[in-house]
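One structure is given here, and the rest of the page talks about it.
The values are calculated or read from the model by the stated rules, or taken from the named source; none is laboratory data. Remember, predicted model here, so these are calculated numbers, not experimental data. FYI the Cβ positions are ideal-geometry reconstructions off the backbone, even for glycines, and counts take in every protein chain you see. In case anyone asks, the SASA skips ligands and DNA or RNA and just uses the protein heavy atoms, side chains included. Shrake-Rupley method; radii C 1.70, N 1.55, O 1.52, S 1.80 Å.
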Amino acid sequence: MNAKTYRKILYLIVFLAFSFVIAPYLYSEAGDGDDDENDFSIKASASEDLENSTCDVVVNVTNNGKDFGGYVRLEINPSGSPGGALVYDSYVAVASGETAVVEISYPITSSGMGQNAGDVWIRIVDKKENEVFAEKQKHLFDKEGDRQYGVLSMSGSSLNYIAGQMNSAYQYGYPGQPDEEWDDVYLMPTELTDGTLLSMTALIINDYDISTLPREAIEAIQSWTRRGGILVIGTGDTRDAAFDAFDPDFIDAKLGPAGSQPAYSYFSMTGYMELADIDYGSQYHNFVGSYPEWNEKTEGAGAILLLSLSLSDPDLDRIFAADVLTTEIRNIADNNAPVGGKQINSYSLQQSYGLLQGKRSINSILLRIIILIYVILIGPILYLILKKMDKREKIWLVIPALSFLFVLLVFVCTRGFRLQSREVSSVRVVPSNGSGIERDFVFGYNSAQKPWTVTAKGDYRAAGPFIMDHYRSLSASAPYSYRTADSPDGMLLKYVPETAFDEAYFTMLAENSYNSGDLAMDLRLENSKLVGSLQNNSPYDLDYVLLVCDGYYDVMKNVGSGEMLQIASLTRISYTGYSMLETDALRYYNNEDYEAAGMYEALALAAYELREHSCFAVGVTKKGEGLITDGAAEESFLCLYTTE
């Protein structure tokens, strides 16, 4: 090459360098990251929407600098230590001298909202995620007022000792939170309504004849408990009227033949107390060692503590009993489940994703065929062809070329190997009546150890990580493991994996836009059998339909669009919700029926969301619309449900 050619090559290199390296910085959009020209002030507040299970953070952003377009970022670091922060971004465009109101909503799983929140920051970042403003929020999640627990008792003054221990700075085996106060509220029967109970974290019923309560109060207590309330029932010598008025499937216990009798109790100052003889259902467990006086179970999203002793018994060691009781109430309130109760945690989610995916092993047959073809080509065929052409010296060129083609073939066949770079399984849980909130789940992974982003279609009002065990699964090494961004392009779900194939779990909430036909359920009890009908008015042929009502449980297969099922009788089966259905899914998976395993797991997730209802039907199909617009291959399950 002559000098002129070299100069042309040099000019081309300079041009490419300017185009791809220098120009983007020179022509970057105004307002992106120039701290000298950005001047913000904010005012933030937080509230809970318990009906829709969201935390709503409202940020008023006043721009005293130049016009700005970027994101308001809510950053929550649960542990307060470096790494593992949750990030919720929401797009904002605010002109110079103006104030914009930005609402950031994310799903919550308990009424604790700000408990254990750790460090909380409001940041403003430009479109390139350069930070232009940051302010630590020390009191954003402070409760307005104290926590409350209700008391229903004919001898209320004998329970005053509980209030003192509730606000102790240290409780039995559990450090208290001195900055959080608990107020006791003594209730009248007429006050047991949905509105009153909504403000209560716990309700203690002791020394009270529950059978005298109106049916509306009983239903309000049951509904409140299933939505996340903590119901404590003391019995002792008032056992006959302590809990019989509740629905059998709600309380899942009955009095034994002895009624009540003096019995040795570890919690008695005299050694013996009057203890109720209670036959507990299979869902109960002791939460104080193996002492039979203290039993609890999960009920929907809440818990029932059914005690065989009376909390007002004069022989009760009140200091010891108060330590144990208040510790458990606060522990449940902070964890949203009894310590021994079944809840979804990071291990459950990992298993759930595996069941939704089905078997994801490498297609060994396809791989063996490709390897065999490669060996044949690189061996005898290549040798014989070059020998016949008398060009065996070209083998040093042909072998690398064939190797490249082989690698390319493997890449093209990646879908056959089921090793896509990103893969998502999604579950939509949708009310079939066209109202209410749609809750969606997105489980995904990236085959490479690098951050990934997927875009969800639809108008979502809230999104966040689906982790139920106090964020123990959050990466400790990545600054922002989980991120969501409500952007002009849609809801972005972002994750920073620690390893290749590391999995992420998100949940999203949207206003229900489904209006294509419902599931109609008409059920009743006749001679201890569940009878009635189920009408599928949706346009979908449902592969499976889960039917749950008052402790009865069944799964029906292949319910076509427009089909009506006559339910002659369902045998009573102890229904334990999510754990029961996941066990069924595992059974199908182990039997290599991966299609059924995925369907059952989708039903299990739907049942988990419907745990506050005692009667519901859910149908599942894979023919519904998916959630992801780009960024991953998707397998989607649609769950349509109705409740009574």
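Points worth noting:
- Any hit, the stretch 262-280, residues being modelled with pLDDT under 85 and either over 26 Å from S158 (Cα atoms) or crowded, with 22+ Cβ neighbours inside 10 Å (or both): no
- Just one of the listed residues (G156, G195, G145) is at pLDDT below 70 and either on the phi > 0 side of the Ramachandran plot or surrounded by fewer than 19 Cβ atoms within 10 Å (Cβ to Cβ) (or both), and it is G145.
- Inter-residue pairs, beta-carbon under 6 Å, first closer than 20 Å to V324 by Cα and in the stretch 278-291, second modelled with pLDDT of 85 or more and open to solvent by 60 Å² or more (accessible area, probe 1.4 Å), 6+ apart: Y291/Y266
- Here the condition is being out of contact with any Gly (no Cβ under 8 Å at 6 or more places or on another chain) and closer than 13 Å to R428 by Cβ; of L534, L509, L547, L530, it holds for L509 alone.
- Scanning the stretch 297-308 for residues that are open to solvent by less than 10 Å² (accessible area, probe 1.4 Å) and within 19 Å of S614 (Cβ to Cβ) gives K297, G302, A303, I304, L306.
- The C-beta contact set for the stretch 512-537 (first residue on the phi > 0 side of the Ramachandran plot, second residue modelled with pLDDT of 85 or more and among the aliphatic types (A, V, I, L, M), distance under 8 angstrom, 6+ apart or interchain) comprises G532/M521.
- Within the stretch 576-600, if we keep just the residues that are among the polar types (S, T, N, Q) and either farther than 24 Å from A303 by Cβ or assigned to a helix (DSSP H, G or I) (or both), the residue that is modelled with the lowest pLDDT turns out to be S579.
- Residues in the stretch 359-375 that are at pLDDT below 70 and in a helix (DSSP H, G or I) were compared, and the one that is nearest to Y589 (Cα to Cα) is S364.
- Flag for S538 being in contact with a Pro (Cβ under 7 Å, 6 or more places away or on another chain) and within 16 Å of T642 (Cβ to Cβ): no
- Note on the stretch 527-543: residues that are crowded, with 20+ Cβ neighbours inside 10 Å and farther than 24 Å from E438 by Cβ total 1.
- Conditions (1) modelled with pLDDT of 90 or more; (2) surrounded by fewer than 22 Cβ atoms within 10 Å (Cβ to Cβ); (3) in contact with a strand residue (DSSP E or B) (Cβ under 9 Å, 6 or more places away or on another chain); number of the one not met by I218: (3)
- Tally of residues being assigned to a helix (DSSP H, G or I) and open to solvent by less than 20 Å² (accessible area, probe 1.4 Å) across the stretch 601-644: 7
- Residue count for the stretch 504-526, restricted to those that are surrounded by 20 or more Cβ atoms within 10 Å (Cβ to Cβ) and within 18 Å of the chain's Cα centre (by Cα): 7
- Selected residue (criterion: modelled with the lowest pLDDT) from residues of the stretch 29-57 that are open to solvent by 40 Å² or more (accessible area, probe 1.4 Å) and assigned to a strand (DSSP E or B): E48
- Neighbours by Cβ (under 8 Å, 6+ apart or cross-chain): first from the stretch 63-78, over 12 Å from E98 (Cα atoms); second part of a loop (DSSP other than H, G, I, E, B) and among the hydrophobic types (A, V, I, L, M, F, W, C): I76/A117; P78/A117; P78/L474
- Candidate set: the stretch 473-493, residues that are in contact with a Phe, Trp or Tyr (Cβ under 7 Å, 6 or more places away or on another chain) and modelled with pLDDT of 85 or more; chosen: the one nearest to Y445 (Cα to Cα): L493
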